1. With all protein chains present, calculate the accessible area of ILE27 using a 1.4 Å probe and round the result to the nearest 10 Å².
2. In the stretch 97-254, with Lys and Arg counted as +1 and Asp and Glu as -1 at Cβ, which of these residues, ASN227, VAL193, ASN246, has the Cα nearest the positive end of the dipole, that is, farthest along it?
3. Hey, which lysines would be in cross-link range of LYS7, C-alpha to C-alpha under 29 Å, not counting anything within fewer than 8 residues on its own chain?
4. When the label point is put 7 Å from the Cα of ASP84 along its Cα-to-beta-carbon vector, which residues of the stretch 103-133 have a backbone N closer than 19 Å?
5. Only helices at least 24 Å long along their axis, Cα-based, and averaging 1.0 or more on Kyte-Doolittle count here, so list those DSSP H runs from the chain.
6. In the stretch 171-291, what percent of the accessible surface is made up of carbon and sulfur (1.4 Å probe, ligands and nucleic acids excluded)?
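The values are calculated or read from the model by the stated rules, or taken from the named source; none is laboratory data. Just so it is clear, the structure is predicted and the values come from calculations on it, not from any experiment. Cβ: placed from backbone, ideal geometry, glycine included. Neighbour counts: every protein chain shown. Protein only, heavy atoms only, side chains kept; ligands, DNA and RNA dropped before computing areas. Shrake-Rupley method; radii C 1.70, N 1.55, O 1.52, S 1.80 Å.
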Amino acid sequence: MNKDLTKYAATKKKSEQSVLIGGIAAIIGAISFFTVPNQIGLILGAVLFIIGIIFAVMGSVKFNKLSTNFKVDVVTELVTSFVDEGKFDPHQGLPQGVVYATEFLKRADRFHSEDFLSGSMDGVQFISSDVKLEERHVERTENGTREYYETYFLGRIFRFEFNKSFEGYLQVLEKGRPVVKRKFNKVKLESVVFNKKFKTFATSEHSAFYVLTPHFMEALMNFEKNNKGNISFSFIDNHLFIGINNFKDTFELKMFRKLDESVFEEFKRDLFVIKEVVSELRLNNNIFKKE
């Protein structure tokens, strides 16, 4: 394990111990408070519970700070070595305008975005970030109403730039349909397997067949196979938007999970998605608009 990971692993372990000890103390305190039938038991139980909560909160705060510092130091270095002109900012995300420009994601009642990543690979410019979209719900209860939020998208959004503009609008979706009022038509392609996996919507059927060649459909299928979650593709002007709804926070440390080289390798695989898109889909070729 390299020096940086060893340093972070030691700090991570201390924060986890604080959370664990605090949690156990809080549980014991709560049990004592409700089961010991005397004033001393009540006082000791309450004190132990409060101390436990303080320890747990302090450990959690320390872990969150560690996770952010890990991103800033370790992940940033990894990104700059993997991506040309790579920039990574854990505090920033894609703006709402870019996310909804995908035209396959409906507007959320609560929007959050972080872990902004930008750069280029083989001359193809891209931006991406983690995105969380939540929908507000209100249900009636015996005591009135209850408000809660349900997450319908949690994953990564990418925007890649083509060398040329695409003619018309095209979406290839594993689930759902376009959320904008364009004159989309559902297109059946020659591949039965592809039609079973994806639904294709296009404003021009001719353009859909022009872009979705047998090779390109195979590349999309391979991309879906290699990436868990629901995959969405949207071709707009000179951009390709990709959404991976896998209910996963990218580049996040997990509490009580050992911090070793396997975590580092997982982050590398998350970055490899970019290379996979560029190489498999041949985005560095001028294939999206006829001369």
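1. Rounded to the nearest 10, that gives 110 Å².
2. Going by the Cα projections, it comes out as VAL193.
3. Correct list for LYS7: LYS62, LYS65, LYS71, LYS87, LYS248, LYS254, LYS258, LYS268.
4. 117-128
5. 39-70
6. Details: 3180 of 6520 Å².
Carbon plus sulfur share of accessible area: 49 percent.
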